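The values are calculated or read from the model by the stated rules, or taken from the named source; none is laboratory data. Quantities reported herein were computed from a predicted structural model and do not represent experimental measurements. No Cβ is skipped: glycine too gets one built from the backbone with ideal geometry, and neighbour counts run over all protein chains shown.
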Amino acid sequence: MWLLPFFQKSRTFTKSILVLKNPEKKSALSEVNGINQPNSVSDAVARQIQNFRRKQPSAAELVSNILKGDKTALSRAITLIESTNVDHLAKANEVIQGCLPHANKSVRIGITGVPGVGKSTFIEAFGKHLTSLGKKVAVLAVDPSSSISHGSILGDKTRMEELVKDENAFIRPSASGDSLGGVARKTREAIILCEACGFDTIIIETVGVGQSETAVHSMVDFFLLLKIAGAGDELQGIKRGIMEMADAIVINKADGDNIAKAKLAKTEFNRALHLFPAKNSGWTPKVTTCSAFEKTGIDNVWSIITDYFQLVKENDYFDYKRKEQNQFWMMETINEQLKTHFYNHPEIITLLEQNKKAVQNNEVSPFAAAQLLLNQYFNNRK
């Protein structure tokens, strides 16, 4: 007990020393101010970029730069035609009209398949093969939009990291939005701009929604269906619809232990194709295997596509199909612009909100409300 006062005095003395050494009592989690890093962004360059982005080029300037092969102008023009702002419609139509005489000089290839089949990997390997042959390749990749947040990842450039660095390639991801058929709303117009920019091979990658691929089929010359073996989808693939539209079926991921399964799937799909009626083009669809990961069989796919184009150009089916597609997209454009103008009409916007509440409260039927809105719209157009 006689040592207790001594220890008490010792603790007091130690505490006083600590207080003197660190009078602020900083926390152990406190940080010491380091060296201030210099500004990594030049203010002058930042202002220059902001002014460049703020300046909107005219339609004539966009067309002129697109015809020179300017990818930046091409990207800005595609953004313009994808805009839902009605004020941009006239300028977008002017750009398309200016590019139209320089379009229709490419081959258009649509590629579809179920999610996970390896579309992006295949397109990168296929695109690199085409650029090695001296082709200029434009990839219009369509990403699915969320039905909840309405957002889209648009990550195809990240997936195609080798192709995106190729000087003879252009990759443009677009969100599908509320469009059906696995393509974006303005993919057809984007094709015209890419052709005017000098790209001789246009690849359209769909979101891969299964059998709802009629939209992409109506804008391409060759329709390629990607499949995988051993996934239990052979019966699903044999169903009429998606296979009936395909000009070629490519079984991807034919590598490693999957080679035998891919060969078996090739045989099954070949048998199934004989059940379908002959195509108007006179072409017999082909089935082949490849490995986009190992880059094997890609040259055989291009050989099949080359044989197809040689046939349809000799029998004039190529030009016939292009004319039919132009007529189809005229009707689709009319429908799209009527829809856009209807929903952006000032009176319809107000009246639509009122009728939504009335329909939700069962005060009026959805059909009567729709008819009321249409009558109001057409009366205003008189």
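Identify, please: which residue in the range 75-98 is under 21 Å from the mean Cα position of the chain (by Cα) and free of Cβ contacts under 8 Å to residues at least 12 places away in the same chain and is, among those, surrounded by the fewest Cβ atoms within 10 Å (Cβ to Cβ)?
The residue in question is ASN85.
Does ASN270 qualify as being polar (S, T, N, Q), modelled with pLDDT of 90 or more and over 19 Å from LEU311 (Cα atoms)? Working first, answer last.
Values: polar (S, T, N, Q): yes; modelled with pLDDT of 90 or more: no; over 19 Å from LEU311 (Cα atoms): yes.
No, not satisfied.
Quick check: is even one residue across the range 97-120 farther than 15 Å from ALA196 by Cβ, modelled with pLDDT under 90 and among the hydroxyl-bearing types (Ser, Thr, Tyr)?
Looking for residues that are farther than 15 Å from ALA196 by Cβ, modelled with pLDDT under 90 and among the hydroxyl-bearing types (Ser, Thr, Tyr), one finds at least one in the range 97-120, hence yes.
For the range 363-370, indicate whether the set of residues that are in the same structural domain as ALA215 (by TED's automatic domain parsing), touching a helix residue (DSSP H, G or I) at 6+ places or on another chain (Cβ under 7 Å), surrounded by 13 or more Cβ atoms within 10 Å (Cβ to Cβ) and assigned to a helix (DSSP H, G or I) is non-empty. Break it down stepwise before answering.
The initial filter retains those residues of the range 363-370 that are in the same structural domain as ALA215 (by TED's automatic domain parsing), namely none.
No, the conditions are met nowhere in the range 363-370.
Please find, among ILE238, ILE251, the residue that is of a type in the set (A, V, I, L, M, F, W, C), closer than 14 Å to GLY118 by Cα and either at pLDDT below 80 or surrounded by 16 or more Cβ atoms within 10 Å (Cβ to Cβ) (or both).
The unique qualifying residue is ILE251.
Take ALA231 and decide whether it is aliphatic (A, V, I, L, M), modelled with pLDDT of 90 or more and over 21 Å from ASN300 (Cβ atoms).
Criteria not met by ALA231.
Checking the condition surrounded by 14 or more Cβ atoms within 10 Å (Cβ to Cβ), touching a residue at least 24 places away in the same chain (Cβ under 8 Å), of a type outside the set (A, V, I, L, M, F, W, C) and at positive phi, which residue from LYS321, LYS295 passes?
Step by step, each of LYS321, LYS295 is checked, and only LYS295 is surrounded by 14 or more Cβ atoms within 10 Å (Cβ to Cβ), touching a residue at least 24 places away in the same chain (Cβ under 8 Å), of a type outside the set (A, V, I, L, M, F, W, C) and at positive phi.
Among all residue pairs at least 6 apart or on different chains, which show Cβ distances below 7 Å where the first residue, located in the range 118-133, is in the same structural domain as ILE304 (by TED's automatic domain parsing) and the second is hydroxyl-bearing (Ser, Thr, Tyr) and assigned to a helix (DSSP H, G or I)?
The qualifying pairs do not exist here.
Considering only the range 326-345, I want to know if a residue exists there that is part of a helix (DSSP H, G or I), among the aromatic types (Phe, Trp, Tyr), at negative phi and in contact with a Ser or Thr (Cβ under 8 Å, 6 or more places away or on another chain).
Checked the range 326-345: at least one residue is part of a helix (DSSP H, G or I), among the aromatic types (Phe, Trp, Tyr), at negative phi and in contact with a Ser or Thr (Cβ under 8 Å, 6 or more places away or on another chain).
Are any residues in the range 50-86 farther than 12 Å from CYS194 by Cα, part of a loop (DSSP other than H, G, I, E, B) and of a type in the set (Lys, Arg), and if so, which ones?
Result: LYS55, single match.
Give me the residue from the range 332-362 that is under 29 Å from SER83 (Cβ atoms) and hydrophobic (A, V, I, L, M, F, W, C) and, out of that set, surrounded by the most Cβ atoms within 10 Å (Cβ to Cβ).
Checking each candidate, the answer is ILE348.
Are any residues in the range 122-142 in contact with a strand residue (DSSP E or B) (Cβ under 8 Å, 6 or more places away or on another chain), surrounded by fewer than 18 Cβ atoms within 10 Å (Cβ to Cβ) and not in a loop (DSSP other than H, G, I, E, B), and if so, which ones?
Of everything in the range 122-142, just one residue is in contact with a strand residue (DSSP E or B) (Cβ under 8 Å, 6 or more places away or on another chain), surrounded by fewer than 18 Cβ atoms within 10 Å (Cβ to Cβ) and not in a loop (DSSP other than H, G, I, E, B), namely THR131.
Cβ-Cβ under 6 Å, sequence separation 6+ or interchain: first residue in the range 361-382 and without any contact (Cβ under 8 Å) to a residue 24 or more places away in the chain and more than 15 Å from TYR343 (Cα to Cα), partner surrounded by 14 or more Cβ atoms within 10 Å (Cβ to Cβ) and among the β-branched types (Val, Ile, Thr). Which pairs?
Short answer, once both residue conditions are applied: PRO366/VAL359.
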